[in-house]
Amino acid sequence: MKPSPIASLLSAFLLVALVGCSRGQQPAPASSGAPGQPAAPAAQGQPAAPAGQAADAATQPSAAAGAQQPGGPAASPAGAGPTFNTAGPASPAAAAAGTAAAKPYAGGAPAPGAPATPSAPAPPPPPRTFTLAEDRPLAVKTVTEVSTKTAKPGDTFRAFLTGPISDGDWTIAPEGAEIVGVVQASDPGGRVKGLASLTVTLQSLQLADGSVVQLKTSSYSKTAKSGAKKDAAKIGIGTAAGAGVGAIVGGGKGAAIGAAVGGGGAAGATLATRGSPAVIAPGAAITFRLKEPVTVTKK
């Protein structure tokens with residue numbers, strides 16, 4: 001049966017209308033996190049989203065594009081596009097600055113927050129010293145006898161302190177500390193004239209800690225007593241004896257001659273004999289004075 005012209009015309013009109021509707025309802029491109037890439041086509045058989053919903057979808061980040069892929073760019077805020085790390089690796093200067101910040105400051109001071117190093121122990125206090133000043137008196141007593149009969153220059157003798165030497169609570173040398181003296185000169189005296197003399201000085205002092213310090217002190221001299229009275233008595237006795245013998249032998253003239261001979265003989269015998277020696281007896285108290293200062297260090 002042949003279709004009628006009216007039916008053919010309606011069919012053509014409906015076909016044109018359907019084609020026009022399909023062109024007006026194109027699906028909106030899906031939003032993507034990467035700019036410049038085409039939108040994924042809509043699945044076949046799915047209707048296109050309305051124009052309003054497509055606009056809202058375009059302003060929101062895609063779930064697939066928002067998820068950070070391994071090794072890919074970090075997710076960016078909505079509408080800002082992807083963010084890339086453009087700083088690159090740290091420069092050598094920045095790395096050196098970071099290393100210097102971790103090191104101690106100049107001068108050895110630790111960096112803030114670093115553990116404090118233990119401080120060095122304090123040095124010990126200086127040793128205690130005391131100086132015996134020049135011209136200080138040293139009172140001693142002798143222990144041994146010193147005589148011009150036996151003593152020679154350079155011989156030593158013993159003595160001891162009669163009082164302590166101290167500085168506050170520090171006893172430098174106690175009373176009775178041993179002292180050594182030395183003979184400077186020893187003259188037994190002449191046979192014709194002059195008296196015996198002796199000169200001594202101090203040489204060393206033993207301290208309380210057992211150490212010995214050398215001394216330079218003033219000297220002390222001792223001179224023998226004069227024997228003039230004894231000599232005169234000896235001569236007088238000789239003269240009287242000579243006179244008596246002369247008187248018996250030759251009368252008055254003989255007495256005179258005997259006196260002269262007896263006196264001369266006695267005088268000669270007296271002059272031929274040395275005088276008394278100079279002696280410093282044991283226990284003699286003598287005070288010397290320092291000629292140079294002496295510094296003592298406490299041990």
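Say the cut-off is 27 Å between C-alpha atoms; which of 149/291; 141/291; 222/299; 222/298 go over it? Too far apart for the 27 Å limit: 149/291; 222/299; 222/298. Rolling a 1.4 Å probe over the protein heavy atoms leaves residue 134 with an accessible area of roughly 120 Å².
Label-to-label distance for residue 116 and residue 276 is 8.2 nm, based on points extended 7 Å past Cα in the beta-carbon direction. The 1.4 Å probe gives accessible areas that order 158, 136, largest first, as 158, 136.
To the nearest 0.05, what FRET efficiency results for residue 221 and residue 133 with a Förster distance of 25 Å applied to their C-beta separation? Efficiency computed from Cβ-Cβ geometry: 0.55.
The values are calculated or read from the model by the stated rules, or taken from the named source; none is laboratory data. Remember, predicted model here, so these are calculated numbers, not experimental data. We place every Cβ from the backbone using ideal geometry, glycine too, and count neighbours over all the protein chains shown. Quick note on the areas: whole protein, heavy atoms, side chains included, nothing else; ligands and nucleic acids left out. Shrake-Rupley method; radii C 1.70, N 1.55, O 1.52, S 1.80 Å.
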